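So the structure is just underneath, and the comments pick up after that.
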Amino acid sequence: MTVTLDRNVEAFIATPRQLFINGQWADAASGRTFATPNPATGETLAHVAEGDAEDINRAVRAARRAFEEGPWSRMTPSERGRIIWRIGDLILEHTQELAQLESLDNGKPEAVAAAADVPLAADLFHYMAGWATKIEGNTINISVPYMPGANFHSYTLREPVGVVGQIIPWNFPLLMAAWKLGPALATGNCVVLKPAEQTPLTALRLAELIAEAGVPDGVVNVVPGFGETAGAALAAHNDVDKVAFTGSTEVGKLILQAAAGNLKKVSLELGGKSPNIVFDDADEGAIEGAAGAIFFNHGQCCVAGSRLYVQRSRFDEVVDGVAEIAKSIKLGPGTDPGTQMGPLVSDEQLQRVTGYLESGKADGATAVTGGGRHGDSGYFVEPTVITNTRPDMKIVREEIFGPVLVAAPFDTLDDIAAAANDSEYGLGAGIWTKDISKAHALAKKLRAGTVWINCYNVFDASLPFGGYKQSGWGREMGHEVLEAYTEVKAVTTQL
């Protein structure tokens, strides 16, 4: 199929993309570039400057200067809020362009990016723009028992952390950039953002929109590059006050180790192996909901409902229903309007997911549908439903990050609570039942940062998002995220 590209997208990918440092576009210090491929074909989509430690140094210096000398941190909260709101407006004005870039670079259907990723990113900036004027401290009446008769006035200030390093993943490139940048800017910080090497394009286009919105030079810097060079340098940098990372638990542990050098603040949104639980009294919408929970974004979602548990009397019905939906999903390039599921993001991810499928077969699991690669070009994997699993199998315990669902029956509420919590992860969970009391009773038992009842994948800028256990530290979005980007200062005056 011949795809008609937006003319701005054509121009953007035709021009070698540079680093964005101190409000200027610049080549990498090394002069190196890397290719970002179109995952639907494997062919090179664009060439991007390859940042490394020296470029991270340049970006951190620019961010530090912008923070210490202003004007961003010295602007009134209202001024900052208006600029952040303008970023959201500009994102919406460029919806088609951003959705097409996201589809080309990541593989997701363009229609999905236009309907979900882009408006959610804009909404995050709009939501955080309002918080810029609401960063508040408290007055505290202190007693000081060892100074009888003394009178004091004490209060707290909530202040920006300073220079923030942010490392985002490839599954929702634009949206994850928004999740990170919005609260950092609302609280007055300056940022060095490293997008995933697989999907750098929308972060670079967003940098242009951020400059157009009026964000001063040096406040937001974008340095594409590889994790082991640019990412590692940013996490370890001694002049970075905080690092925020979204990605795998394995890499999150490396980030934490690197951050120990200067004890910088750390927030981590990591992996998941989320249980999706269907009781025997659930309505038929649970079948479609279970399919959407795993196949949304090709299963490349940290909160994907990848472990399906169904009460035994309805197990066959639900599994067969999800399998039929899986068989009906049309795979193809994300820019094809008829595509319902695009390719995985990279050949590396293709090998990872198909490797797990082979592992499951070797361990005795059964693929009800799917179970392998789709086609011989691009990075496509069949939507897959697997049964006859055991709790100790790799495909049950480890995050696959692809359109692969493992299903098992359960009997009682206590049984399912134990099975659902039998994981090193605790990011999300789903419950499907008409009995709302049972739903809330189970929700309290689940060790997960988000629990959806009779729905799944419902996100909003006002809802905190993050995980228990090895799914991370801290929360994204909502007012809770403001704590991750601020320090609290206590001030006391004797009267």
Value of [θ]222 nm, deg cm²/dmol, for the chain, DSSP H segments ≥ 4, -39500 (n - 2.57) each, nearest 500: -11000 deg cm²/dmol
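Evaluate E = 1/(1 + (r/R0)^6) for residue 44 and residue 143, where r is the Cβ-Cβ distance and R0 equals 60 Å; express this FRET efficiency to the nearest 0.05.
Values: r = 68 Å, r/R0 = 1.13.
Efficiency, from the Cβ-Cβ distance: 0.35.
Classify the stretch 266-407 as rounded, prolate or oblate from the Cα gyration tensor: take a ≥ b ≥ c as the square roots of its eigenvalues, call it rounded if a/c is under 1.5, otherwise prolate when a/b beats b/c and oblate if not. Please report the intermediate quantities before stating the final value.
Numbers: a/c = 1.42, a/b = 1.25, b/c = 1.13.
Rounded.
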Residue pairs, from the table 242/489; 242/273; 469/489; 108/330; 134/489; 194/242, whose Cα atoms sit over 19 Å apart: 242/273; 469/489
Beta bridges by DSSP in the chain, antiparallel share as percent, to the nearest 5: 45 percent
Whether the stretch 154-260 is rounded, prolate or oblate, judged on the alpha carbon gyration tensor where a/c under 1.5 counts as rounded: oblate
Length released on extending from residue 281 to residue 68, taking residue separation times 0.36 nm less the Cα-Cα span: 70.8 nm
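Heavy-atom accessible area per residue, the stretch 164-296, 1.4 Å probe: how many Å²? The partial results should precede the final answer.
Details: 3290 Å² over 133 residues.
It amounts to 25 Å² per residue over the stretch 164-296.
Only sites in a loop by DSSP and with at most 16 other Cβ atoms within 10 Å count here; which GluC sites (Glu not before Pro) in the stretch 33-96 make the cut?
On the way: sites: 43, 50, 54, 68, 69, 79, 93; in loops: 43, 50.
Passing both the DSSP loop test and the Cβ count: 43.
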Selected from 311, 331, 272, residue furthest toward positive end of dipole (the stretch 257-370; charges at beta carbon): 272
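Between residue 494 and residue 136, what is 0.36 nm times their sequence separation minus the Cα-Cα distance? Round to one decimal in nm.
Working: separation 358, 0.36 × 358 = 128.88 nm, distance 2.22 nm.
Net length gain for the segment: 126.7 nm.
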Fraction of accessible area attributable to carbon and sulfur, the chain (%, probe 1.4 Å): 50 percent
Residue-normalised accessible area of the stretch 321-361, expressed per residue, 1.4 Å probe, Å²: 42 Å²
Using a Förster distance of 41 Å, the FRET efficiency for residue 436-residue 248 (Cβ separation, nearest 0.05): 0.70
FRET efficiency, 1/(1 + (r/R0)^6) with R0 35 Å, evaluated for residue 226 and residue 5 via beta carbons: 0.80
14 Å cut-off, amide nitrogen to a point 7 angstrom out along residue 15 Cα→Cβ, residues in the stretch 193-208: 204-208
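The values are calculated or read from the model by the stated rules, or taken from the named source; none is laboratory data. Being a predicted model, the structure only gives us computed values, none of them experimental. We place every Cβ from the backbone using ideal geometry, glycine too, and count neighbours over all the protein chains shown. Calculation scope for accessible area: heavy atoms of the full protein, side chains included, ligands and nucleic acids excluded. Shrake-Rupley method; radii C 1.70, N 1.55, O 1.52, S 1.80 Å.
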